[in-house]
Each structure stands twice: as structure tokens, then as C-alpha cells.
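The values are calculated or read from the model by the stated rules, or taken from the named source; none is laboratory data. Just so it is clear, the model here is predicted, and its values are computed rather than measured. Here the Cβ positions follow ideal geometry from the backbone for every residue, glycine too, while neighbour counts run over all protein chains shown.
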Amino acid sequence: MAMERKKPQTKAPATKKKGPDKEPEPKKAEATKDEPKKTEPKKTEPKKTEPKKTEPKKTEPKKQEPKQPAARKPAEKAAAKEVDLAPVVVRASAKYVRVAPRKARLIADQVRGLHIDDARALLEFSPRGAARDIQKLVESAASNAENNYDLVSDEMRIAAITVDEGPTLRRYRPRALGRATTINKRTSHISLALTPEEG
């Protein structure tokens, strides 16, 4: 009888030990289930690369190519050719000439538009005093054409000549009863332009 009592005692603890041995197994499974949950936040790492996509947008304005200049219109080309074909103008001027502008204009009107040979002949035999000063100016313009522009002076004509008034020198002359009258000694600025004679 004593042996029969001992047997059930040994069986009972054996069953109790099996129970706790099986319980930790599901806990391990639960632990393994929790582990993949910790790896889920790693999926957010590729999101950090999204702002990098905005960098190429900054380089877009640099791709703009410089605009090419528009081609000249035929009218503009024709105008440029006309400027190139404009006749050469040779200029000379004399300032503070001691001749009244009114007297010098009488000679300038006779010479304007004449061929240089005709103007030389007219000035050579003119009785007026202003003719000497204008003759010197014509010779000066002719030498400018030869030395500065490589032109033939005998093939030129007087395209323009102007006489402007310069400063007036005031002098006084004593008169009767202690009075004094003014004498105006006028000056002139003469300018002249020569152009080649059209053949």
C-alpha cells in the first residue's frame, strides 16, 4: 500500500513540470512577433531622399541659352551701304578774321557751289578785301584734302561756306564838345567744306 501512494506522487509533479515548460514557448513566439515591429520604422529612411529631388530645379534657369541677335532687315543693310557711300567732306575754318561778317558774306555767296578752279579765279581778281581771307581758307582746305584724305585738290568743289559773327572790338573816337563816339571793329568766323566733284 505504501508503494501505491508513492507512485501517484511522482506522476503528479511530472505533469506539473510539463505545464510550465510549454508556457514559455508562446512567450518566445510573442517576442518574435514584437521584433519585426521594431524593424518597421526603417522603411521611413528612403523618405529622407525626397528633398534631394528639388536640387535639379535650381539648375533649370542656367540652361537658358543666350538669344541670338536678329538678322538685319534689307532696309537697314541698304541704309548702312548709303552711309558708306556718302561723299568725303573736307573742312577748314578761320576764326577771328578782322573783316565784318556782312562784307565777307558778299564774297561767300559768290563762291558757294563753284568748282575749286572757278572759285580761285574769282577770288584772285575780286576787288573786295574779304576775298583775300577766303582765298587763303580755300587753299587750306585743298591742302587738307591732299594730305589727310589722299584726294586730288583740283577735283573738289565748295559744298558749303558760312560766315558767323565773332566778338566785336570797341574803340572810341573823340568828337566835338568833349564827347566820344564808339567805333565797332567786327570780326568773323568763316568755315568751309569741300567735296569731290561728281563725275
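Only one of (1) at pLDDT 95 or above; (2) over 17 Å from Leu192 (Cα atoms) fails for Pro74. Which number is that?
(1)
Those residues that are farther than 19 Å from Leu151 by Cβ and of a type in the set (S, T, N, Q), I need them from the stretch 91-115; list them, please.
Gln110 - this is the single residue of the stretch 91-115 that is farther than 19 Å from Leu151 by Cβ and of a type in the set (S, T, N, Q).
Any chance you could count how many residues in the stretch 99-140 are in contact with a helix residue (DSSP H, G or I) (Cβ under 6 Å, 6 or more places away or on another chain) and among the hydroxyl-bearing types (Ser, Thr, Tyr)?
0
So which strands (runs of 3 or more DSSP E) stay within the stretch 126-187 end to end and still have 1 or more residues that are within 16 Å of Asp109 (Cβ to Cβ) and either at pLDDT 95 or above or of a type in the set (Asp, Glu) (or both)?
Values: elements: 156-165, 169-174, 180-185.
Filter on the stretch 126-187 gives 156-165.
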